[in-house]
Amino acid sequence: MLLLAASIVLALSIGSAGFPFMKVWSILLHQLPWMADRPVAWTKLEEAIIVQVRLSRVMLAILVGACLALAGAGFQGVLRNPLADPYTLGVASGSSIGAAFLILFGLQTFIGMWSIPIIAFATGMMTLFAVFWLARSQGKMGIETLILSGVIVQAFLSAFVSYMVSLSQGVINEILFWLMGSLAKRNWGHVSMMLPFLLIGLPVLSYYSRSLNLFVLGERHAAHLGVRVERTKLIVLIVSTLLTAAAVSVSGVVGFVGLVVPHLVRLIVGPDYRLIVPISAIGGGIYVLWADTLARTILSPKEIQLGIVTAFIGAPFFAYLLKRRKAGLAKGG
Amino acid sequence: MIHVKQLVKKAGEQRILDGVSFSLEEGQMVGIIGPNGAGKSTLLSILSGVEPFQAGEVRLRDKKVDEYNRKSLARWLAVLRQEGLPSTSFSVREVVAMARFPYQNWLGDEEANSEAIIDHALEMMGLSSFAERRMDQLSGGERQRVALAKVMAQQPQLIFLDEPTTYLDIGFQVQLLDSVREWQQSNGLTVVAVLHDLNLAAQYCDRLVVLHEGKVAGLGTPLEVLTAENIRKVYGTEAIVMKHPVIGCPQVLLQPQRMHASKQKMEGGS
């Protein structure tokens, strides 16, 4: 939590218009109602940059990271698959197809700001079940088979989204940028759209974290200990997909966050989901915040996509997990 | 305690269980025996309510098994599965503590003093010094002991064991079944165990249920059930049944069919 607060202030001060650390602090504190009468030592413009532009972006990065990391923890727990995350399961791409469809054809204005996450959730769920259907043989889903199915579905859907992009004119650049994962040109509206998803997702997954611990022993073991296995699976999958859809609606496809963060958390706090779930949310926030800060500063004033940064870190991490799993299997463990 | 009536379980067109009926009384240790593919493990899964079936009826304590809420059922029915516990990075104590799940409310609290119950289960299985060890640092036999400690911490009145001794060497087999038997007798529990080894089944069980081709081929005390004739009928092999020199239960001695025949031939020729 402390680390998160420190990261917020630090990330706020980094940017094309540099601000000293102390100034950011005082501007932030000034926003608190009981601090408002303190002397003002900055311009209106500076305050606007910090509060309107940077702070909203920082908050959004944290929310996106928290949602994706939670979704990853949920998928990994309920599928007992260490390689699962919204991206490798194809759910992120599935959500993006619904969202891209709405954005491209300008349909989102009909039902308001909730239309994108709702449609993204629907297509994400459909994708998830399509992937399960592909991966299932004789009632079982192999760990690698599931990921392979996810990758195949993801490849197909990305091609489809690219095709939709080619069909349309005008919005192309923005869409492409969004698809590769980006937090540029977002505002407080996006923050208030995402927050409810996290406020639903976090308590639900925390509630099921004890059941997820029992899932570690196997579904049958969990059932014998009184877990309603099918119900738990369905709810956790739905909530994880919902969190993914919310994140994708705002930031496009930001890969591997749900893979990297829960694993790092697991290394630190151990296998207990009662800790993994909440700490993944915080950790995911910090992780994406720093990834986004890197994304907007590394080639400053040009900006690279957030998705590129997370893939640079996440894909090698995925390779490492895969390799370690193979080594573990070779040892017979 | 357990009433099974005309139970039918199909996998595709094949009938795994084909009209199984029997009743078991409370407070006994019952063995389910039979050849491979007779449907023993399937039967146990159905009895514990985690496997659906096509026809018939299964009642536990006069209530249909599929009408139970899983959590309330888990407060008096525990299952030890054949494949044992996976090697995870949970500690022994954490795994045993998971047995308290059915007693916890939605916040994860429970009324009873769970720590004392967990300690007792660890002590009973001689795991007190292992409590903080991680599961992936234990051998298969040690993990199976943890599994049994977990079953104990669940404080059940009915216990299902699915081939609990499969992956254990003979020392651990006897140790595990001794603990189960002692615990069963001192608490008046009901134990139903699928057992591969006929001799162990005869030594530890009050009654045996014989499954053969999806049907009950015999039910009774080991003395009634384990006869050379039954073994020939069910397993298709010749065996000699003798009395155990110390405890008096029937014991099965196998004889190699081919060598037996050739030896007879040699004897006949000389």
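Worth pointing out:
- Relative contact order of the range A:2-328, taken over Cα pairs closer than 8 Å and 6 or more residues apart, is 30 percent.
- For chain B, average projected area of the Cα convex hull in nm²: 17.6
- Relative contact order [Cα under 8 Å, 6+ residues apart], the range A:23-102, whole percent: 15
- Counted by Cβ distance under 10 Å from B:D18, the other residues give a net charge of +3, where Lys and Arg count +1 and Asp and Glu count -1.
- Carbon-plus-sulfur accessible fraction, the protein assembly as shown (probe radius 1.4 Å, protein heavy atoms only): 61%.
- Kirkwood hydrodynamic radius (C-alpha pairs) into Stokes-Einstein, the range B:9-65, 25 °C and 0.890 mPa s, D in µm²/s: 197
- Residue-count net charge about A:L60 - beta-carbon cut-off 13 Å; Lys, Arg +1, Asp, Glu -1: +4
- Coordinate range along principal axes, alpha carbons of the range A:2-328, Å, largest first: 68, 48, 39
- Heavy-atom accessible area buried between chains B and A is around 2100 Å² (1.4 Å probe, both sides summed).
- Solvent-accessible surface (1.4 Å probe) assigned to A:I313 amounts to roughly 80 Å².
- The label-point distance for A:I238 and A:L3, in a model that sets each label 7 Å from Cα toward Cβ, rounds to 3.3 nm.
- With contacts taken as Cα pairs under 8 Å at a separation of at least 6 residues, chain B carries a relative contact order of 24 percent.
- Within the protein assembly as shown, the ratio Rg/Rh, alpha carbon atoms throughout and Rh by Kirkwood, equals 1.10.
- Nearest 10 degrees, 0 to 90: helix A:56-79 Cα axis against chain A principal axis: 10
- Percent antiparallel among DSSP beta bridges (both partners in the protein assembly as shown, rounded to 5): 60
- Average accessible area per residue (Å²) across the protein assembly as shown - probe 1.4 Å, nucleic acids and ligands excluded: 46
- Qualifying trypsin sites (Lys or Arg not before Pro) in the range B:104-155, DSSP loop, other Cβ atoms within 10 Å at most 16: B:R133
- Given chain A, longest segment not containing exposed loop trypsin sites (Lys or Arg not before Pro) (DSSP; at most 13 other Cβ within 10 Å): A:1-184
- Relative to the dominant Cα principal axis of chain B, helix B:170-187 is inclined by about 60°.
- The range A:44-51 - phi-based ³J(HN,Hα) in whole Hz, Karplus 6.51/-1.76/1.60, Gly and Pro as x: 4, 4, 4, 4, 5, 4, 5, 7
- Among the residues of A:214-223, the average count of other protein chain beta-carbon atoms within 10 Å of the residue beta-carbon is 6.
- Counting only alpha carbon atoms, the long axis of helix A:21-31 and the longest principal axis of chain A meet at about 90°.
- Averaged over the residues of peptide B:132-139, the number of Cβ atoms from other protein chains lying within 10 Å of each residue's Cβ is 1.
- GluC sites (Glu not before Pro), loop per DSSP, at most 11 other Cβ atoms within 10 Å - longest free stretch of chain B: B:133-270
The values are calculated or read from the model by the stated rules, or taken from the named source; none is laboratory data. All figures in this text were calculated on a predicted structure; none of them were measured in a lab. FYI the Cβ positions are ideal-geometry reconstructions off the backbone, even for glycines, and counts take in every protein chain you see. Protein only, heavy atoms only, side chains kept; ligands, DNA and RNA dropped before computing areas. Shrake-Rupley method; radii C 1.70, N 1.55, O 1.52, S 1.80 Å.
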